[in-house]
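Visitor: The structure under discussion is supplied below as structure tokens; questions concerning it will follow.
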Amino acid sequence: MRVSYSPDYYAPIPHEHVFPMGKFEGLYHWMLDQPWMTPNSIICPSMARMDHLELVHTPTYLNAVWEGTLTDKEIRRMGLPWSKGLAVRSRTAVQGTMNAAFMALQDGISGNLAGGTHHAMPEWGEGFCVFNDVAVAVKALRNAQWVRKVLVLDCDVHQGNGTAACLADEPEVFTCSIHGEKNYPFRKVASTLDVGLDDGTDDEEYLMVLEETLDEIQMQWTPDLVFYLAGIDVLETDRFGRLSLTLDGLRERDQMVLRTYAEQQIPIVVLLSGGYAPTLAETVAAHAVVYQAAHDVESLY
């Protein structure tokens, strides 16, 4: 299994900031420690081209991020302090998702050790998301006719408002968000299918809803490619999640999603999305769950 990763995924932010910027490097080292992963299978992306980013984002916003001319209000909304490193990180992570999509089309399953920045809108960033990597990748792939029908399955605890907005004009893209109904963002943008969960939803209820949702999607949609946003902020230990999944429940979630599409030979792109466990080590360990699950289904392709 090939994945995208670059040292440029790290951008300097204050030590006390809640965003776990070190998780990307931590997951990279975890991958290298696995007996089934070789360094040659970790592909380093360059920065995404501006013309690809312009498929989703406005030139004014892109230039402001790159040149560092965002207003204080825009930076507060984005939730991350601007730096040139952040601009480079954001463009590189988008290319990582694009590369992972191509690798999934070739190999069956691939991933980006970042990505899933589903709150970014065409004209602004929010919720720690600068550019919408999935929307850029989807539009680039569809414009080049690499794929026609796409599924974006977002299991981050926060609704994928940016992805829904950025892909609203794509009738052959099915967006599904399974999220905490009362959690951020408080003004949601309608996906093709939204499934809102009550605070405190546990493993049993979550997995039942997930199974029903996957069945519903399959009755309506057979995609050429799936983007799976495997957010770990559904865990009961997450500082922002408000759901009550255990690590075993998270593992079952990822196995269910990946096996559903692997058994149908439908290529899957795995993306991190959010997660705010009590420690960086716990955050990395939880993100690693989906990559172990991806390895487990790789043989089905």
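Visitor: State whether the range 128-266 is rounded, prolate or oblate according to the following rule on the C-alpha gyration tensor (a ≥ b ≥ c being the square roots of its eigenvalues): a/c under 1.5 gives rounded; otherwise a/b larger than b/c gives prolate, and the remaining case gives oblate. It would help to have the intermediate numbers written out before the result.
Guide: Values: a/c = 1.95, a/b = 1.36, b/c = 1.44.
The shape class here is oblate.
Visitor: For Leu197, Leu250, what's the fewest-to-most ordering of other Cβ within 10 Å of each Cβ? Numbers along the way, then the final one.
Guide: On the way: Leu197 20, Leu250 25.
Fewest to most other Cβ atoms nearby, the residues stand as Leu197, Leu250.
Visitor: Between Ile75 and Leu193, what is the label-point separation in nm under the 7 Å Cα-to-beta-carbon projection?
Guide: Distance between label points: 4.2 nm.
Visitor: With a ≥ b ≥ c the root eigenvalues of the C-alpha gyration tensor of the range 1-96, is it rounded (a/c under 1.5), prolate (a/b larger than b/c) or oblate?
Guide: Values: a/c = 3.28, a/b = 1.55, b/c = 2.11.
Note, shape of the range 1-96 comes out oblate.
Visitor: Given axes a ≥ b ≥ c from the Cα gyration tensor, I'd like to know whether the range 122-180 is rounded (a/c under 1.5), prolate (a/b larger than b/c) or oblate.
Guide: Numbers: a/c = 2.25, a/b = 1.41, b/c = 1.60.
Since a/c reaches 1.5 but b/c is at least a/b, the shape of the range 122-180 is classed as oblate.
Visitor: With each pseudo-label sitting 7 Å past Cα toward Cβ, what's the Met256-Leu280 distance in nm, one decimal?
Guide: Calculated label separation equals 3.3 nm.
Visitor: If I take every Cα pair under 8 Å that is 6 or more residues apart in the chain, average their sequence separation and divide by the length, what percent do I get for the relative contact order?
Guide: Working: 629 pairs, mean separation 58.5, N = 301.
It comes to 19 percent, rounded to a whole number.
Visitor: Pairs of Cα atoms under 8 Å, at least six residues apart: use those to get the relative contact order of the range 77-223, whole percent. List each step's numbers first, then the result.
Guide: On the way: 219 pairs, mean separation 25.7, N = 147.
Taking the mean separation of contacting Cα pairs over the length of the range 77-223, I get 17 percent.
Visitor: Further question on the same structure: Mean separation of Cα pairs under 8 Å and 6+ residues apart, divided by the residue count of the range 2-151: what relative contact order is that in percent? Spell out each step's value before the answer.
Guide: Details: 228 pairs, mean separation 44.9, N = 150.
Rounded, it is 30 percent for the range 2-151.
Visitor: Fewest first, what order do Leu151, Leu300 take by the number of other Cβ atoms within 10 Å?
Guide: Leu300, Leu151
Visitor: For the pair Asp224 and Ala144, how long in nm is the line joining their label points, each one 7 Å along Cα→Cβ?
Guide: 1.2 nm
Visitor: When the chain is treated as a GNM, springs tying every alpha-carbon pair under 10 Å, which of Thr38, Thr237, Thr260 comes out with the largest mean-square fluctuation?
Guide: Result: Thr38 has the largest fluctuation of those listed.
Visitor: Here's something else I'd like to know. Starting at the first residue of the range 276-290, write each ³J(HN,Hα) from the Karplus equation 6.51 cos²θ - 1.76 cosθ + 1.60 with θ = phi - 60°, in whole Hz, x for Gly and Pro.
Guide: 9, 5, x, 10, 4, 4, 5, 4, 4, 4, 6, 5, 5, 4, 5
Visitor: Okay, moving on. Once R0 is set to 45 Å, what does the formula 1/(1 + (r/R0)^6) return for the Cβ-Cβ distance between Asp202 and His17, expressed as a FRET efficiency to the nearest 0.05?
Guide: Details: r = 30 Å, r/R0 = 0.67.
Computed FRET efficiency for Asp202 and His17 comes out at 0.90.
Visitor: Using Cβ contacts closer than 10 Å as the measure, can you line up Leu207, Leu235 from fewest to most? Provide the component values of the computation, followed by the final result.
Guide: Numbers: Leu207 15, Leu235 25.
By the 10 Å Cβ count, ascending, the order reads Leu207, Leu235.
Visitor: Per-residue ellipticity at 222 nm for the chain, helices alone: DSSP H runs ≥ 4 residues times -39500 (n - 2.57), over residue total, nearest 500 deg cm²/dmol?
Guide: When only DSSP H runs of four or more count, the value is -13000 deg cm²/dmol.
Visitor: In addition: Quick check: net charge around Met1, other residues with Cβ under 13 Å of its Cβ, Lys/Arg +1 and Asp/Glu -1? Don't jump to the answer; show the numbers that get you there.
Guide: Working: positive: Arg2; negative: Asp107, Asp296, Glu298.
Value of the local net charge: -2.
Read-outs: derived from the displayed coordinates by stated rules, not from any lab. What you see is a predicted model, and the numbers here were worked out from it, not measured in a lab. Positions of Cβ are backbone-derived with ideal geometry, glycine not excepted, and every protein chain shown enters the neighbour counts.
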